[in-house]
Amino acid sequence: MAPRVRKTTKPRPAPTCPDCDGKGETTEAVRVGSRKSRVTEHRQTAMCLSCLGTGEAPATD
Ligand SMILES: [Zn+2]
């Protein structure tokens, strides 16, 4: 009985970044004015700082 040795060097599936939902970028509503903090229709797309745009959750070493 020779068990089939299968190299399971499969890396763990990269966890999806919870901050950007795996998109690698975040969309935030642009607020104008510090006092009014009025939300405009403009939306600012910025690179996700948690995963730095990779869409993967940062490795916790
Ligand atoms: Zn992210």
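Take R6 and tell me if it is at pLDDT below 75, among the charged types (D, E, K, R) and either out of contact with any Lys or Arg (no Cβ under 6 Å at 6 or more places or on another chain) or part of a loop (DSSP other than H, G, I, E, B) (or both). Outline the logic, then answer.
Values: at pLDDT below 75: no; among the charged types (D, E, K, R): yes; either out of contact with any Lys or Arg (no Cβ under 6 Å at 6 or more places or on another chain) or part of a loop (DSSP other than H, G, I, E, B) (or both): yes.
No; evaluated as a whole, the condition is false for this residue.
Considering segment 12-60 alone, what residues qualify as being among the hydrophobic types (A, V, I, L, M, F, W, C) and modelled with pLDDT of 75 or more? I'd like the intermediate steps shown before the answer.
Step one: filter segment 12-60 for residues among the hydrophobic types (A, V, I, L, M, F, W, C), giving 14, 17, 20, 29-30, 32, 39, 46-49, 51-52, 57, 59.
Of everything in segment 12-60, those that are among the hydrophobic types (A, V, I, L, M, F, W, C) and modelled with pLDDT of 75 or more turn out to be A14, C17, C20, A46, M47, C48, L49, C51, L52, A57.
Could you list, ordered by first residue, the pairs with Cβ atoms under 7 Å in which the first is in segment 41-61 and within 22 Å of R12 (Cα to Cα) and the second is of a type in the set (A, V, I, L, M, F, W, C) and outside any loop (DSSP other than H, G, I, E, B), at least 6 apart or interchain?
Close Cβ pairs satisfying both conditions: G53/M47.
The values are calculated or read from the model by the stated rules, or taken from the named source; none is laboratory data. Computed from a predicted structure; not experimentally measured. Note that we place each Cβ from the backbone using ideal geometry, even for glycine, and neighbour counts take in every protein chain shown.
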